[in-house]
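Taking it in order: structure first as structure tokens, then the write-up.
The values are calculated or read from the model by the stated rules, or taken from the named source; none is laboratory data. Keep in mind that this is a model prediction, so the values were computed, not measured. Neighbour counts are summed over all protein chains in view; Cβ atoms, including those assigned to glycine, are modelled from backbone coordinates with ideal geometry.
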Amino acid sequence: MAISKTPQFDSALDVILRPLVPHERTCRKCTAIFKIDDEDINFFRMLRVPPPTQCPKCRERRRYGHLLRMPRFFKKKCGALGHTEEVVTLFPPASPNIVYDVPYWYSDAWDAVSYGKDFNFSESFFSQFKDLFLSVPHLAVDRDLTATNCDYTVGGKWAKNNYYCGGGYKSEDCMYSPNPRFSKSCVDCTDIWNSEFCFASVSVERSNHCVFIVDSANCLDSAFLYDCKNCSNCFLSSNLRNRSYVFQNEQLGREEYEKKIEDIDLGSREVFGKYKELFDEMFEKSIHRAVTNTNVVSSTGDRLTDCKNCFHTFDGSMGENLRYVHSFNLMRDSMDILFAAENAEKCYECGIAVGSYLKFSLYMRSSMEMEYCSDCQNCQNCFGCVGLRNKSFHIFNKPYSEEEYWKVVDEIKTKMLGKAEYGEFFDLSLGLIPYQSTSGQYYFPLNEKSASERDIPWYPEPESHIPSGMATIQGDSDTLENIKGISHEMLQNAIICAETEKPFRVLDQELDFYKMMRVPFPEKHPWERILSRKKYQHKMELFDFVCPKCSEKSFSVYSPEDQRRLKIFCEKCYLREVI
């Protein structure tokens with residue numbers, strides 16, 4: 001048996017873990033009753049953490065409330081020495097966070113170790129960490145240096161010429177799209193993979209030249225499809241497999257189909273809106289899959305591929321022995337994680353975990369044995385650190401010898417455990433990350449009043465500035481009704497969002513895309529368009545479900561209200577009906 005590096009802490013933790021048995025708890029945040037079962041306890045013992053005080057939903061909300069992955073951009077002064085320029089950032093100007101421009105943050109011109117300080121055992125860990133977090137500069141936009149011409153993007157890797165995107169990975173010429181992966185020339189799409197020339201689509205894979213398709217794959221030259229696979233030249237249809245020339249779920253000959261399509265001008269806002277309404281009606285009448293998984297064993301979740309022993313886990317592939325994990329690729333033996341990749345293992349309560357043995361941390365890359373850290377890369381054995389690169393044995397950004405490091409960490413963790421701090425993730429009330437800029441605001445939206453009620457800091461956002469002398473056009477004006485009549489000269493005007501009155505601009509290449517795809521000119525601000533697509537995304541939550549076909553009990557991503565309204569089947573019944 002290995003000798004403990006933190007004997008005091010391990011002894012104190014064993015007092016909590018050894019007698020632990022399945023039981024119910026009251027969530028400290030929302031007061032809901034939640035269960036601690038045998039599998040949870042096995043994870044706590046394996047990962048060496050005490051049981052949580054919040055329910056799974058509140059823990060999920062807390063992680064999303066720290067994740068900067070949605071494209072909501074501001075301008076804020078760069079805090080680097082000698083810099084006076086404003087930089088594009090996700091931090092509102094009024095937030096207390098110091099930001100550096102991306103090249104400077106990655107340079108050797110500064111070192112986060114210079115902000116190191118001693119841990120004060122007479123003060124709360126979280127109050128001290130907050131002081132450190134707000135003193136260390138942060139990336140204005142969390143984006144690596146492999147991105148080219150992607151100033152208005154956040155996250156992702158190996159991207160080129162993307163604009164107003166979040167999480168773009170090996171994608172190019174994409175605009176206004178969260179999570180474009182291995183895709184090119186896609187606009188106003190959410191969660192799109194290996195696709196090209198797609199518009200206003202959600203949860204799409206390997207598709208080309210498609211308009212407004214949802215939960216579909218391997219589709220070509222189609223529009224307004226729901227849950228279609230391997231289809232080409234299809235329009236306003238659902239639950240199709242391996243079909244061509246289908247119009248409103250009716251099989252037509254090629255000539256008849258092409259004649260119908262020729263008479264439809266989707267470049268007209270009125271016509272496009274009509275078919276969008278028909279799509280929504282079709283969606284309500286279509287067959288829905290309770291959950292969508294491929295090649296999973298002993299797992300509950302949604303949008304899982306090649307997974308084993310996963311529980312309440314979503315949107316991932318090649319995972320094993322996971323609980324409450326969202327968005328992952330190659331991960332095992334972990335719990336309460338949001339975004340992980342590259343063979344991550346034995347991680348607990350993290351937002352972005354690329355590494356192993358990571359606990360209670362944010363934005364960790366190529367690191368291991370890290371606890372209560374943020375924005376660290378290629379680091380090992382650090383505790384309570386922010387912004388470090390290529391470091392080991394640091395506490396609060398201060399270096400220690402290996403022997404001294406473990407001695408101090410043992411004392412800190414024992415003290416935190418005794419004060420019921422160890423085991424808690426960063427509370428949103430700390431205000432480390434502006435909630436209004438996070439994915440939390442997308443999935444669990446708040447306003448200034450509701451944020452105040454939750455004790456979450458909220459910062460005023462500056463009004464959009466329209467340059468002096470620039471004319472404006474209302475987004476829903478007749479002038480912009482049809483894409484055919486819109487010229488590049490009109491792009492010199494600011495467009496006023498038809499829903500929020502917030503001004504926005506349209507780029508030249510953006511207009512070229514709309515004309516090429518023959519789709520309407522946007523009438524709403526990009527952020528409003530992103531929000532409007534959210535209703536077509538699967539919920540990251542499981543509900544009890546009884547299949548109306550076979551009465552088998554399982555789970556579904558559709559809420560009880562949706563289950564009463566929609567035609568939802570379990571996996572087996574769905575496959576019998578659709579394929």
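Structural remarks
- Odd one out for R365 among (1) closer than 25 Å to A112 by Cβ; (2) modelled with pLDDT of 95 or more; (3) surrounded by fewer than 20 Cβ atoms within 10 Å (Cβ to Cβ): (2)
- Against the test of being of a type outside the set (A, V, I, L, M, F, W, C) and touching a Cys at 6+ places or on another chain (Cβ under 9 Å), the options S299, S286, S327 yield a single qualifying residue, S299.
- Residue in the stretch 307-324 that is of a type outside the set (D, E, K, R), closer than 23 Å to F426 by Cα, free of Cβ contacts under 8 Å to residues at least 60 places away in the same chain and surrounded by fewer than 24 Cβ atoms within 10 Å (Cβ to Cβ) present: no
- Residue count, the stretch 147-197 (criterion: modelled with pLDDT under 95, over 19 Å from I530 (Cβ atoms) and crowded, with 20+ Cβ neighbours inside 10 Å): 1
- Evaluating D455 against the criteria (1) modelled with pLDDT of 95 or more; (2) under 30 Å from K29 (Cα atoms); (3) surrounded by 17 or more Cβ atoms within 10 Å (Cβ to Cβ) leaves one unmet condition, (3).
- Restricting the stretch 392-422 to residues that are in a helix (DSSP H, G or I) and buried (at least 22 other Cβ atoms within 10 Å of the Cβ), the residue that is nearest to the chain's Cα centre (by Cα): K413
- All positions within the stretch 116-134 that are polar (S, T, N, Q), surrounded by fewer than 16 Cβ atoms within 10 Å (Cβ to Cβ) and not in a loop (DSSP other than H, G, I, E, B): S127
- Listed by position, the strands (runs of 3 or more DSSP E) enclosed by the stretch 479-579 that each have at least 1 residues that are over 30 Å from T313 (Cα atoms), at pLDDT 95 or above and not basic (K, R) are 494-496.
- Look at the stretch 360-383: where a residue is more than 18 Å from L330 (Cα to Cα) and a partner is of a type in the set (V, I, T) and in a strand (DSSP E or B), sitting 6+ places away or on another chain with Cβ atoms under 8 Å, you get L362/I352; C373/V386; S374/V386; D375/V386; C376/V386; C382/I395; F383/I395.
- Subset of the stretch 423-452 [part of a helix (DSSP H, G or I), more than 23 Å from S127 (Cβ to Cβ) and not polar (S, T, N, Q)]: Y442, Y443, E448, K449
- One residue stands out in the stretch 168-214 among those that are touching a Pro at 6+ places or on another chain (Cβ under 6 Å) and part of a loop (DSSP other than H, G, I, E, B): the one that is nearest to S238 (Cα to Cα), namely C186.
- Residue count for the stretch 145-156 satisfying the condition of being touching a Gly at 6+ places or on another chain (Cβ under 8 Å) and outside any loop (DSSP other than H, G, I, E, B): 2.
- Any chance D142 is in contact (Cβ under 8 Å) with a residue 40 or more places away in the chain and not in a loop (DSSP other than H, G, I, E, B): no
- The set of residues in the stretch 155-166 that are under 25 Å from F521 (Cα atoms) and in contact (Cβ under 8 Å) with a residue 60 or more places away in the chain comprises Y163, Y164, C165, G166.
- Test result for F44, of a type in the set (F, W, Y), part of a helix (DSSP H, G or I), within 24 Å of E541 (Cα to Cα) and touching a residue at least 12 places away in the same chain (Cβ under 8 Å): yes
- Flag for K260 being under 17 Å from I568 (Cα atoms), over 28 Å from the mean Cα position of the chain (by Cα) and of a type outside the set (A, V, I, L, M, F, W, C): no
- Restricting attention to the stretch 285-332, the residues that are on the phi > 0 side of the Ramachandran plot and polar (S, T, N, Q) add up to 5.
- Residue in the stretch 529-551 that is crowded, with 17+ Cβ neighbours inside 10 Å, among the hydrophobic types (A, V, I, L, M, F, W, C) and under 22 Å from F199 (Cβ atoms) present: yes
- From the options C350, C385, C376, residue that is under 21 Å from the mean Cα position of the chain (by Cα) and farther than 26 Å from F543 by Cα: C376
- T89 being at pLDDT 95 or above, polar (S, T, N, Q), over 26 Å from M416 (Cβ atoms) and crowded, with 16+ Cβ neighbours inside 10 Å: yes
For (1) part of a helix (DSSP H, G or I); (2) in contact (Cβ under 8 Å) with a residue 40 or more places away in the chain; (3) more than 16 Å from C210 (Cβ to Cβ), each residue gets a yes or a no:
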residue	(1), (2), (3)
N233	no, no, no
S237	no, yes, no
Y257	yes, no, no
K260	yes, no, yes
I264	no, no, no
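- Within the stretch 1-41, restricting attention to residues that are among the polar types (S, T, N, Q) and not in a strand (DSSP E or B), the residue that is surrounded by the fewest Cβ atoms within 10 Å (Cβ to Cβ) is T31.
- Residue list for the stretch 552-570, restricted to those being crowded, with 18+ Cβ neighbours inside 10 Å, among the hydroxyl-bearing types (S, T, Y) and out of contact with any Cys (no Cβ under 9 Å at 6 or more places or on another chain): Y558
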